[in-house]
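The structure under discussion appears below in the form of structure tokens.
The values are calculated or read from the model by the stated rules, or taken from the named source; none is laboratory data. Predicted model only: the values in this text are computed from it and were never measured. When we count neighbours, we look across all protein chains shown, and the Cβ atoms used for this are built from the backbone with ideal geometry, even at glycine. Surface areas here come from the heavy atoms of the whole protein model, side chains and all, with no ligands, DNA or RNA. Shrake-Rupley method; radii C 1.70, N 1.55, O 1.52, S 1.80 Å.
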Amino acid sequence: MERLKGKSVYKGIALGKISVLKKDDYVVKRVKIEDPEAEIERVSQAREKAREQLQKLYDKAVKEVGEASAAIFEVHQMMLDDDDYNESIENIIRTQEVNAEYAVATTGDNFSQMFASMDDDYMKARAADVKDISERLVRNLYGGDGGDMEFDQPVIIVADDLSPSETVQLDKEKILAFVTVHGSTNSHTAILARMMNIPALIGVNMDLEKLKTGMEAVVDGFAAEVIFNPDEEVRMDARKRIQEEEEKTKLLLELKGKENVTKSGHKINIYANIGSVGDMGYVLENDAGGIGLFRSEFLYIGRNELPSEEEQFQVYKQVAQTMAGKKVIIRTLDIGADKQADYLGLGKEDNPALGYRAIRICLTQPEIFKTQLRALFRAAVYGNISIMYPMITSVEEVLEIKKIVKEVKDELEAEGTPYKNDVEEGIMIETPASVIISDDLAKEVDFFSIGTNDLTQYTLAIDRQNEKLDKFYNPHHKAILRMIQTVVDNAHKEGKWAGICGELGADTELTETFVKMGIDELSVAPSMILKLRKIVRDMP
């Protein structure tokens, strides 16, 4: 039995088997072989395995994000059977008498370079697809698992860290808890854990090489510790505490269908933050009043090319229809900083948190922005969609957005494409600049949503992804609370509403404070909705 401490990012108890996720880093070596036909047969088997893996990924993606977004896995399956690609692999094996891994990797590099050098954008995008397919075949040849992070039973994920694109691939129904060596309390792993209502620890000093998938563990989010190979006494205690937590959850479920209103009659909206259509189940299960933050950037990461207008339209339409008239606030592309999409070629920056990200990308690459806006205004016909623009620092940016929005509407009108004209449009307040000029900004927009994660980062000059600075990251800082009050007051002076969609909105120590400040809406992880409802309803 081994006990290790970490930092808890969501309290709870989990007991189960671990799945150790390690980054596959294969060094492909050229090896002389005696039997080329045997190597070709190995490639054939690896290809068959890849086909099964891709079919599973396609089926999963269809359920979670719809057919349009899942289409990439169909493309990969077709490319697996490309005659030129497969003939090149076989030719290298036969003529050079080399191992299958080397032949696949070489072919992958050759084809990828060939596609990348083409003028056609569609063909350029295929370069990344060929690379993906080749890496999958190589992993299969080495006996890997395909890198798809699929599990036969619910497991405790143990990893060095998880990137946003990796969390997108996870089968959320089969995760009991997260335990990582690195990561910050504001990482996407942490945000996902809070959304899913499962315990998570970061900063655990564990040796991943010694841990084996299938080992049993207890994750205690209350004590901020993980216990590997627990004895029977620890397991029994864990089972008892898991049952107690389930009883508490049942009591909260009695609040479903009730209003978020204090005893004196003050109402507040409590909405949900989500990252994909696959998260909608959590929203409905926890009785959210609406969606206060749909992180559209997750449509852009974990793939090799920009999502098309139709792809985005289908996703936004599905969310709007599912929410059946309840408000759905969709944040426009907020990529950059810790959320990267290699195909956008954003490049490495010394300080990405202060760099080329979010609305700055949209305003300098308006075609990307227009594609998303077209999809949003079209989807708004099917429900109560609002649009929210991130990382605003000036009135001039808002005016430029309005100009682009008008161009998009004019185009849709000219085409005769159905769209909703009177969509509510707001901005995120997440920079000190936007707080200071929030009186001017309130005249130009319909609402404010305060992104406390970045607002805290920029106000305190602390990189929220830097785990060494966790002890200095203080979202309760008086400066932050004063800023929130300023924003609320300036919004109300112009007859506009103001909410919080950052992690601070779910901080139960501040719920009463926020209600007294006059916050109109709190948008939080679905798992926190009923907990906040109870606090609000217990307030005088």
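Looking only at the range 368-396, count how many residues are in contact (Cβ under 8 Å) with a residue 40 or more places away in the chain and either in a loop (DSSP other than H, G, I, E, B) or closer than 23 Å to G499 by Cα (or both).
17
Could you check how many residues of the range 491-540 are of a type in the set (D, E), outside any loop (DSSP other than H, G, I, E, B) and surrounded by 19 or more Cβ atoms within 10 Å (Cβ to Cβ)? Spell out the reasoning first.
Of the range 491-540, the ones of a type in the set (D, E) are 494, 503, 507, 509, 512, 520-521, 538.
Among the residues that remain, those that are also outside any loop (DSSP other than H, G, I, E, B) are: 503, 512, 521, 538.
Narrowing further to those that are surrounded by 19 or more Cβ atoms within 10 Å (Cβ to Cβ): 503, 521.
Result for the range 491-540: 2.
In the range 225-271, what residues are in contact with a Leu (Cβ under 8 Å, 6 or more places away or on another chain), modelled with pLDDT of 95 or more and closer than 30 Å to I500 by Cβ?
Residues satisfying the conditions are N260, I268, N269, I270, Y271.
Looking only at the range 117-160, how many residues end up being modelled with pLDDT of 70 or more and on the phi > 0 side of the Ramachandran plot?
Counting residues in the range 117-160 that are modelled with pLDDT of 70 or more and on the phi > 0 side of the Ramachandran plot gives 1.
Residues R241, R194: which one is assigned to a helix (DSSP H, G or I), of a type in the set (K, R) and within 27 Å of the chain's Cα centre (by Cα)? Please lay out each step first, then the result.
Details: R241 fails: within 27 Å of the chain's Cα centre (by Cα).
Unique residue meeting the criteria: R194.
Which number in (1) assigned to a helix (DSSP H, G or I); (2) buried (at least 23 other Cβ atoms within 10 Å of the Cβ) marks the one condition that M236 misses?
Of everything listed in (1) assigned to a helix (DSSP H, G or I); (2) buried (at least 23 other Cβ atoms within 10 Å of the Cβ), M236 misses just condition (2).
In contact (Cβ under 8 Å) with a residue 60 or more places away in the chain, open to solvent by less than 70 Å² (accessible area, probe 1.4 Å) and on the phi > 0 side of the Ramachandran plot, is that true of G221?
Criteria not met by G221.
Which of the numbered conditions does M391 fail, given that it passes all the others? Conditions: (1) hydrophobic (A, V, I, L, M, F, W, C); (2) in contact with a Lys or Arg (Cβ under 8 Å, 6 or more places away or on another chain); (3) open to solvent by less than 10 Å² (accessible area, probe 1.4 Å); (4) within 18 Å of F313 (Cα to Cα).
(4)
Of all the helices (runs of 4 or more DSSP H) wholly in the range 406-487, which have at least 1 residues that are among the small types (G, A, S)?
432-436, 438-441
A quick yes/no check of all residues on (1) among the acidic types (D, E); (2) in contact with a Gly (Cβ under 7 Å, 6 or more places away or on another chain); (3) touching a residue at least 24 places away in the same chain (Cβ under 8 Å):
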position: T364; (1), (2), (3): no, no, no
position: I404; (1), (2), (3): no, no, yes
position: E424; (1), (2), (3): yes, no, yes
position: V445; (1), (2), (3): no, yes, yes
position: A461; (1), (2), (3): no, no, no
position: K471; (1), (2), (3): no, no, no
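Any residue in the range 26-40 that is closer than 30 Å to I175 by Cα and either among the aromatic types (F, W, Y) or touching a residue at least 40 places away in the same chain (Cβ under 8 Å) (or both)?
Yes, that holds for at least one residue.
Tell me, yes or no, whether the range 312-321 has at least one residue that is at pLDDT 90 or above and among the charged types (D, E, K, R).
yes
Could you count how many residues in the range 466-510 are closer than 18 Å to D440 by Cα and among the polar types (S, T, N, Q)?
Total satisfying the criteria: 3.
Check off (1) surrounded by 17 or more Cβ atoms within 10 Å (Cβ to Cβ); (2) out of contact with any Asp or Glu (no Cβ under 9 Å at 6 or more places or on another chain); (3) not basic (K, R) for E48 and give me the number that stays unchecked.
Against the list (1) surrounded by 17 or more Cβ atoms within 10 Å (Cβ to Cβ); (2) out of contact with any Asp or Glu (no Cβ under 9 Å at 6 or more places or on another chain); (3) not basic (K, R), E48 comes up short only on (1).
Looking at the range 216-271 only, could you name the residues that are among the small types (G, A, S) and closer than 21 Å to P154 by Cβ?
Let us first name the residues in the range 216-271 that are among the small types (G, A, S), namely 217, 221, 223-224, 238, 257, 264-265.
Within the range 216-271, A217, G221, A238 meet the criteria.
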